[in-house]
Amino acid sequence: MAAAGGPVEVALVSAAEAASSSGGGCSVWEVGSGASVAGYRGFSCAARGMALLGGEHLLGAQLGKACVGAWELQRKDQLQQKIICPGLVSCLAAAPNGLYILAGIAESIYLWEVSSGNLLAILNRHYQDLSCVAFTDDSSHFLSGAKDSLVIVWNLYSVLQAENAQSPEPRHVWSRHSLPITDLCCGMGGPMARAATASLDQTAKLWEISSGDLLLSVVFDVGILSVTLDLTEYHMFCGGMDGSIFQVDLCAWPVQRERGFQTERESAKIFKGHRNQVTCLSVSTDGSLLLSGSHDETVRLWDIQSKQCLRTVNYKGPVTNAFITLAPANMLNPESKPRVPLPKFSRHLYTMENAGSPASEGMMLCLGMHQKGSGESNLEKKERLYSQMCATREKNLMGDQEQLKIQVTQLEEEVGTLRKINKGLFDFSSRLIMKQGK
């Protein structure tokens with residue numbers, strides 16, 4: 001274990017094994033030493049179905065059943081609550097600020113408020129089953145990917161302010177993939193961050209959330225099932241169906257928006273060791289270690305620079321979730337307790353009509369209610385100011401190009417003047433020579 005008081009980096013791993021087996025639903029071990037830290041038992045978690053909530057709870061979507069389990073981090077073995085859902089949960093995410101939970105159920109996205117347990121929204125813009133959801137690091141936006149090959153970017157505040165009868169408009173709809181989306185991840189920077197997406201169409205793509213622009217598309221020889229970025233976003237790591245892990249350099253020169261990964265020529269950028277598809281990838285905080293989970297029932301820890309496997313941990317089923325995080329204080333202190341217990345989560349959509357009913361629990365935050373029907377809302381003002389900021393930034397970015405155009409024009413005019421002077425000197429010399437000849 002790390003020194004007392006120092007940060008401890010841990011790996012959280014779940015596998016599709018029987019709940020009665022010794023491994024349990026989720027195991028936690030220290031990245032540096034491999035020592036076991038905790039185990040959370042009760043049931044097996046579905047793929048992309050595990051998340052930390054507010055540093056106090058661990059959430060897991062039960063494999064094959066329509067419910068989400070919640071463990072208090074300090075109590076470990078005991079499953080505290082089951083959240084009954086309208087259908088099987090195919091993916092799960094918790095907002096980094098601990099206020100909201102997202103779940104993909106069939107082709108719909110369900111959004112719950114943690115403080116009250118209210119189901120705030122059901123979003124139906126995908127037309128096939130959800131495969132992955134993720135929040136930005138500031139919890140202001142979230143992304144959803146599905147088997148319909150679409151990735152949709154949502155502004156959380158737009159979703160919260162939408163009327164119950166209205167479907168909120170997404171900020172972006174990315175349709176450049178041609179087969180089901182398998183994974184996505186968001187970098188640092190909130191609404192200005194970049195996002196990576198993976199697909200069975202054998203590509204991984206990098207996008208800018210603010211503008212919605214496609215920055216990079218990399219084509220591989222195999223379908224890609226997992227993707228992640230390091231914190232500095234120098235590298236993108238892609239897990240393939242054949243067990244290979246590919247390292248893509250994002251700062252390579254020259255910059256190419258679309259390129260193919262040359263397996264033979266770039267063999268030094270491939271992690272080899274897994275015998276089956278790689279379903280989970282995560283990078284350590286310092287960017288030196290890569291964690292991978294596979295259907296070959298192993299989790300491997302790699303040194304990124306040397307591509308050597310430092311540790312292999314065996315499980316009793318295909319690995320469904322694996323990620324690295326700093327251990328929350330509650331996980332390491334058995335005497336700690338959550339500041340606020342989880343409420344009972346509703347299966348029915350929350351409306352303002354039932355806000356005052358005795359059955360409603362907790363506190364509900366309603367944004368902009370005092371401004372309804374009167375002038376510009378806070379959201380509209382935010383969008384207007386954000387558009388102005390982006391326009392200013394674009395002008396600043398274009399400033400150098402405009403200055404360059406001015407300089408080129410001045411140089412062209414100077415060259416034209418010199419040509420006229422040269423022609424005048426030539427004509428004068430010609431006339432002078434002709435006169436001397438006479």
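The values are calculated or read from the model by the stated rules, or taken from the named source; none is laboratory data. From a predicted model like this one, the values you see are computed outputs, not experimental measurements. Note: ideal-geometry Cβ built from the backbone for every residue, glycine included; neighbour counts use all protein chains shown. These area figures cover heavy atoms from the full protein model, side chains too; ligands, DNA and RNA do not enter into them. Shrake-Rupley method; radii C 1.70, N 1.55, O 1.52, S 1.80 Å.
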> What residue among GLU107, GLU163, GLU402 has the largest mean-square fluctuation in a Gaussian network model of the chain, using Cα springs under 10 Å?
Replying inline: GLU402
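Based on DSSP H runs of at least 4 residues, each adding -39500 (n - 2.57), what is the mean residue ellipticity at 222 nm of the chain after dividing by all its residues, to the nearest 500 deg cm²/dmol? Working shown, then result.
Details: 3 runs with 70 residues, N = 438.
Calculated mean residue ellipticity at 222 nm is -5500 deg cm²/dmol.
Starting from the residue with the highest accessible area, list ASP242, ASP221 in decreasing order, probe 1.4 Å. Walk me through the numbers before you get to the answer.
Working: ASP242 75, ASP221 105 Å².
These residues rank, largest area first, as ASP221, ASP242.
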> Out of residues 5 or more away from VAL37 or on other chains, whose amide H comes under 5 Å of its own, with H placed 1.01 Å from N in the peptide plane?
Replying inline: VAL28, TRP29, GLU30
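Would you list GLU264, GLU297, GLU335, GLU9 from the most to the least accessible area, probe 1.4 Å? All intermediate terms of the calculation are to be shown ahead of the outcome.
Details: GLU264 170, GLU297 70, GLU335 145, GLU9 40 Å².
From most accessible down to least: GLU264, GLU335, GLU297, GLU9.
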>> Need one value: the accessible area of SER199 in square angstrom, 1.4 angstrom probe, rounded to the nearest 10.
In response: 0
> Sorted by packing (mean other beta-carbon atoms within 10 Å per residue), highest first, where do 98-105, 286-293 land?
Replying inline: 98-105, 286-293
> Roughly what would the spin-label model give for GLU163 and LEU418, points 7 Å off Cα along C-beta, in nm?
Replying inline: 6.8
> PHE43: accessible area at probe 1.4 Å, nearest 10 Å²?
Replying inline: 10
>> In whole Hz and in residue order, list the ³J(HN,Hα) couplings for the range 247-260 that follow from phi through the Karplus curve 6.51 cos²θ - 1.76 cosθ + 1.60, θ = phi - 60°; x for Gly and Pro.
In response: 9, 10, 7, 8, 10, 5, 10, x, 6, 10, 6, 10, 7, x
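State the volume of the convex hull built on the alpha-carbon positions of the range 153-232, expressed per residue in Å³ and rounded to an integer. The partial results should precede the final answer.
Details: hull volume 8.3 nm³, N = 80.
In the range 153-232, the Cα hull volume divided by residue count equals 104 Å³.
Just by accessible area at a 1.4 angstrom probe, what is the order of TYR127, TYR110, TYR157 from largest to smallest?
Numbers: TYR127 150, TYR110 30, TYR157 85 Å².
The most accessible residue leads, giving TYR127, TYR157, TYR110.
Might you report the magnitude of the Cβ-based charge dipole of the range 57-147 about its Cα centre, with Lys and Arg at +1 and Asp and Glu at -1, to the nearest 20 debye? Mind showing how you got there, number by number?
Numbers: 6 positive and 7 negative charges, 53 e Å.
Roughly 260 debye, rounded to the nearest 20.
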> So what are the three principal axis dimensions of the range 167-315 from its Cα atoms, in whole Å, longest to shortest?
Replying inline: 45, 37, 29
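Starting from the Kirkwood Rh over alpha-carbon pairs, what translational D in µm² s⁻¹ does the chain have by Stokes-Einstein at 4 °C and 1.567 mPa s? Spell out each step's value before the answer.
Working: Rh = 24.2 Å.
Answer from the Stokes-Einstein relation: 53 µm²/s.
Between TYR127 and ILE406, what's the calculated FRET efficiency when r is the beta-carbon distance and R0 is 41 Å? Round to 0.05. Could the numbers behind the result be given before it?
Details: r = 50 Å, r/R0 = 1.23.
The value I calculate is 0.25.
Taking a ≥ b ≥ c as the square roots of the eigenvalues of the Cα gyration tensor of the range 227-304, is the shape rounded (a/c under 1.5), prolate (a/b larger than b/c) or oblate? Mind showing how you got there, number by number?
Details: a/c = 2.15, a/b = 1.33, b/c = 1.61.
It is oblate, given that a/c is not under 1.5 and a/b is not larger than b/c.
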> Just how much of HIS235 is accessible, in Å², when a 1.4 Å probe is used and the result is rounded to the nearest 10?
Replying inline: 50
> Put a dot 7 Å past each Cα toward the Cβ at LEU215 and ALA329; how far apart are the dots in nm?
Replying inline: 3.4
> Over the chain, what is the mean sequence separation of C-alpha contacts under 8 Å (at least six apart), divided by residue count, expressed as relative contact order in percent?
Replying inline: 13
> Going toward the positive end of the dipole of the chain, with +1 on Lys and Arg Cβ and -1 on Asp and Glu Cβ, which of LEU12, MET192, VAL278 do you reach last?
Replying inline: MET192
> Using a Förster distance of 30 Å, how high is the FRET efficiency between LYS65 and LEU99, based on the Cβ-Cβ distance and rounded to 0.05?
Replying inline: 0.70
> Peptides 49-55, 141-147, 315-321, 227-233: what's the order by average Cβ count within 10 Å, highest mean first?
Replying inline: 141-147, 49-55, 315-321, 227-233
>> If I model a spin label as a point 7 Å beyond the Cα along the Cα-Cβ vector, how far apart are those points for LYS316 and LEU432 in nm?
In response: 10.3
> At q = 0.09, 0.10 Å⁻¹, what is the log10 ratio I(q)/I(0) for the range 10-154, with the Debye formula run over Cα points and no solvent?
Replying inline: -0.27, -0.33
> Tilt of helix 378-437 relative to the longest C-alpha principal axis of the chain, in degrees (0 to 90, nearest 10)?
Replying inline: 20
